[in-house]
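Data first, discussion second: the structure below is written as structure tokens.
The values are calculated or read from the model by the stated rules, or taken from the named source; none is laboratory data. Treat the numbers as computed from the prediction; the structure is a model and nothing was measured. No Cβ is skipped: glycine too gets one built from the backbone with ideal geometry, and neighbour counts run over all protein chains shown. Accessible surface is based on the protein model in full, side chains and every heavy atom, while ligands, DNA and RNA are left aside. Shrake-Rupley method; radii C 1.70, N 1.55, O 1.52, S 1.80 Å.
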Amino acid sequence: NAGPTADYAEIYPVSQDVEVGSIVTPGTEMVNSYDLDDNGNVDWNKVKGQTARLIKSSRAYQGDVIGIASDNYGQFSSTGYNIKDEDNPKSVSLIGRVLVEISNSSLPVQPGDFLTSSDEPGKAMKATRAGYIVGKALEPWTPDAGKDKVMIFVQPGFYDPDLYLTTTGDLNIEISETGTYQLTHG
């Protein structure tokens, strides 16, 4: 693949309903991965280990998000080429820029807003409270925008809007609507 890519991806076995832009998490079905022979080729008769088949995320702020199904088949390590075709191997973006499916129930999104999984399988929404996120929006989106995907920088982690660093390096923690608690360095 000589096409331009902007994400780092690995190949994972995924469920049949996962499409490019779906947020994915580990499912319960285990799939074999295979070891290499003495020449560095995959030995399809030598099981190396197992990995969970990835499925679409299914709930808001889901903590076990792995990444986003991608159409990147050119910029990644060799990880995942040892999964059989019948196990539906697909590229999954672990970090970088990709499109993610977005729920029409999401609040409007601006560049830099944190996105998390929604209750709609495989789709993102704007994060508005503390919890696990899948990354940051790189473009604006509104429910009436007429598009079902938004560009995101994939960066799974934890987000808390009430906890942040100030420009001077102090840690602010919002305690209530009437005040903050500030931890200072030094």
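Of everything in segment 131-161, what is of a type in the set (D, E, K, R) and open to solvent by less than 70 Å² (accessible area, probe 1.4 Å)? Give them in sequence order. Across segment 131-161, the qualifying residues are 139, 149, 160.
The set of residues in segment 89-127 being hydroxyl-bearing (Ser, Thr, Tyr) and at pLDDT 95 or above consists of 103, 106, 116, 117, 118.
Of all residues in segment 109-130, those satisfying the criterion of being buried (at least 18 other Cβ atoms within 10 Å of the Cβ) and among the charged types (D, E, K, R) are 113, 120, 123, 126. Of all residues being open to solvent by 30 Å² or more (accessible area, probe 1.4 Å) and among the hydrophobic types (A, V, I, L, M, F, W, C) in segment 84-99, which is nearest to residue 31 (Cα to Cα)? Just the residue, please. Out of the qualifying residues, it is 94. Residue count for segment 67-84, restricted to those that are modelled with pLDDT under 90 and outside any loop (DSSP other than H, G, I, E, B): 1. Take the conditions charged (D, E, K, R) and over 16 Å from the mean Cα position of the chain (by Cα) and apply them to residue 90. Does it pass? For residue 90, the condition - charged (D, E, K, R) and over 16 Å from the mean Cα position of the chain (by Cα) - is not met.
Annotation: of all residues in segment 164-182 being open to solvent by 70 Å² or more (accessible area, probe 1.4 Å) and at pLDDT below 80, the one that is nearest to residue 116 (Cα to Cα) is 164.
Of the residues making up segment 20-34, those that are assigned to a strand (DSSP E or B) and either of a type in the set (Ser, Thr, Tyr) or modelled with pLDDT under 90 (or both) number 4. A Cβ distance below 8 Å, combined with a sequence gap of six or more or placement on separate chains, defines the contacts here; from segment 35-54, residues that are among the hydroxyl-bearing types (Ser, Thr, Tyr) reach no residue that is modelled with pLDDT of 95 or more and in a loop (DSSP other than H, G, I, E, B).
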